[in-house]
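Only one structure is covered here, and it is reproduced in the block below.
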Amino acid sequence: MHEDITMLLIELGAVILALGILGRIASRFGFSPIPLYLLAGLAFGHGGLLPLAASEEFVATGAEIGVILLLLLLGLEYTASDLVGTLKTQYLSGIVDFLLNALPGAAVALLLGWGPVAAVALAGVTWISSSGVIAKVVGDLGRLGNRETPVVLGILVLEDLSMAVYLPILTALLAGVGLAGGSITLLISLGTVSIVLFIALRYGRVISRAVSSDNPEMLLLVVLGLTLLVAGIAQQLQVSAAVGAFLVGIALSGEVAHGARNLLSPLRDLFAAVFFVFFGLSTDPRAIPPVFAIALGLAVLTALTKIATGWYAARRAGIGTRGRWRAGGTLVARGEFSIVIAGLAVGVEPRLGPLATAYVLILVILGPLAARYTEPLVSRFTKTKPAPVEAPAIERLDDTANSPT
């Protein structure tokens with residue numbers, strides 16, 4: 001027993017230290033650490049260079065907590081009024097986003113003979129952009145004040161909210177629930193989301209005051225405990241633990257949400273990194289080469305469909321031509337949600353894990369490049385003078401001039 005604990009501590013210490021070093025390397029070169037975390041998992045997993053044994057069960061639990069914290073922090077970013085407002089103004093763009101980006105994934109799964117459940121899963125993998133990667137890219141490029149940025153954020157909000165419906169459906173399908181059972185699960189999910197949005201709109205301040213505390217320790221314990229409790233109950237109802245955590249985040253607002261974000265962000269970063277490593281651990285690196293060509297083709301196709309999505313959404317919002325291309329390029333990156341979905345569905349189709357790993361590795365690297373260079377490249381080939389990168393204020397004025405009044 002003593003030797004088991006010793007090995008557990010040594011392995012965990014080595015993994016966490018390695019993650020810290022990889023994170024610093026990624027930060028130094030200005031890109032997302034997600035691909036490095038996945039590669040670390042592949043190196044330490046079954047078939048890798050140095051398989052872990054003692055800490056695998058602990059890492060699996062940490063990965064579950066990582067997903068819950070990812071969704072909680074995502075929910076804390078939004079208020080119920082933000083979500084309702086976005087639904088009213090950008091629902092058509094959300095529908096186009098789904099059709100252009102989910103259907104290619106579903107079609108590839110069916111063509112490969114993986115079956116309808118895997119098709120639903122791969123549709124989610126190719127549909128959802130990475131909010132974390134995109135937020136960092138927008139900040140790094142100095143585009144927070146650009147006119148197309150609210151359009152990009154609106155698409156991300158719709159995608160995040162749609163997960164509250166999509167994940168319960170996928171969970172029910174994976175559990176082998178029939179049509180009747182799946183319909184009940186969907187109704188429970190829709191009802192739960194509607195009720196939480198209503199309560200958050202009507203009584204959000206009351207809930208936040210009840211949870212609020214001037215003591216950071218008490219606030220951390222209450223919010224984290226409430227989130228894990230609700231996530232567990234949601235999982236028991238087959239609504240998905242991640243959705244439960246997301247709804248808790250939406251229900252909290254104001255100073256409580258701000259305080260909880262500050263307290264939980266370091267925990268989120270730690271356990272999210274563990275989650276990406278765990279996904280890599282569960283993927284045999286020898287299974288990637290056979291599906292790499294498919295992943296590459298799917299990545300190129302869905303990069304183009306994301307660009308088309310952003311272009312359409314920005315056009316609806318009256319953004320100028322260059323702003324439309326910037327919006328499209330910004331949406332290309334996939335990341336955390338794609339891995340979450342693939343992790344849920346890997347049991348129904350073993351090849352889905354390696355395909356999703358390769359797919360995310362490609363697009364999490366290609367995404368920042370697409371965000372930076374899509375508009376200049378299009379401008380060059382269409383003989384349009386590109387906006388100067390070093391002067392975002394001039395770009396915004398130019399977009400205003402190009403947009404209809």
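Points to keep in mind about this one:
- Sequence ranges 125-132, 342-349, 229-236, 322-329, ranked by mean other-Cβ count within 10 angstrom, highest first: 322-329, 125-132, 342-349, 229-236
- Region 105-171: trypsin sites (Lys or Arg not before Pro) falling in loop per DSSP and having at most 10 other Cβ within 10 Å: none
- Estimated purely from DSSP H runs of n ≥ 4, each contributing -39500 (n - 2.57), the mean residue ellipticity at 222 nm for the chain is -27500 deg cm²/dmol once divided by its residues.
- Simple spin-label estimate for residue 135 and residue 14 gives 3.4 nm between the two label positions (7 Å along the Cα-to-Cβ direction from each Cα).
- For region 60-120, the mean projected area of the C-alpha convex hull, equal to one quarter of the hull surface, is 6.1 nm².
- Highest-fluctuation residue, 284, 160, 97 considered, GNM on the chain with Cα pairs under 10 Å: 284
- Rounded to whole numbers, the Karplus 3J(HN,Hα) couplings from phi for region 162-173 are 5, 4, 5, 9, 5, 4, x, 5, 4, 4, 5, 5 Hz, using 6.51 cos²θ - 1.76 cosθ + 1.60 with θ = phi - 60°, and x at Gly and Pro.
- Over all Cα atoms in region 73-200, the spread is summed up by Rg and Dmax: 16.2, 49 Å.
- Reported to the nearest whole Å, the Cα centre-to-centre distance from region 61-88 to region 223-270 is 8.
- Phi to ³J(HN,Hα) by Karplus 6.51 cos²θ - 1.76 cosθ + 1.60 over region 213-224, Hz, x for Gly, Pro: 7, 6, 8, x, 4, 5, 4, 4, 5, 5, 5, 5
- Taking 338, 162, 282 as the candidate residues, the one with maximal mean-square fluctuation in a Gaussian network model of the chain, Cα springs under 10 Å, is 162.
- Between region 277-302 and region 22-42, the alpha-carbon center distance in angstrom: 17
- Potential extension, residue 237-residue 24 segment - 0.36 nm per residue separation minus Cα distance: 72.7 nm
- Size descriptors for the chain, from the alpha-carbon set: Rg then Dmax equal 21.1, 73 Å.
- Inter-site label distance for residue 366 and residue 7 at 7 Å from Cα along Cβ, in nm: 4.1
- Placing +1 on the Cβ of every Lys and Arg and -1 on the Cβ of every Asp and Glu, with nothing else charged, gives the chain a dipole about its Cα centre of roughly 1520 debye.
- Rg/Rh for region 231-312, where both radii come from Cα atoms and Rh is the Kirkwood radius: 1.11
Read the figures in this text as sums done on the coordinates, not as results from a lab. Keep in mind the model is a prediction, meaning the values are calculated, not measured. All Cβ positions, even for glycine, are placed from backbone atoms using ideal geometry, and neighbour counts span all protein chains on display.
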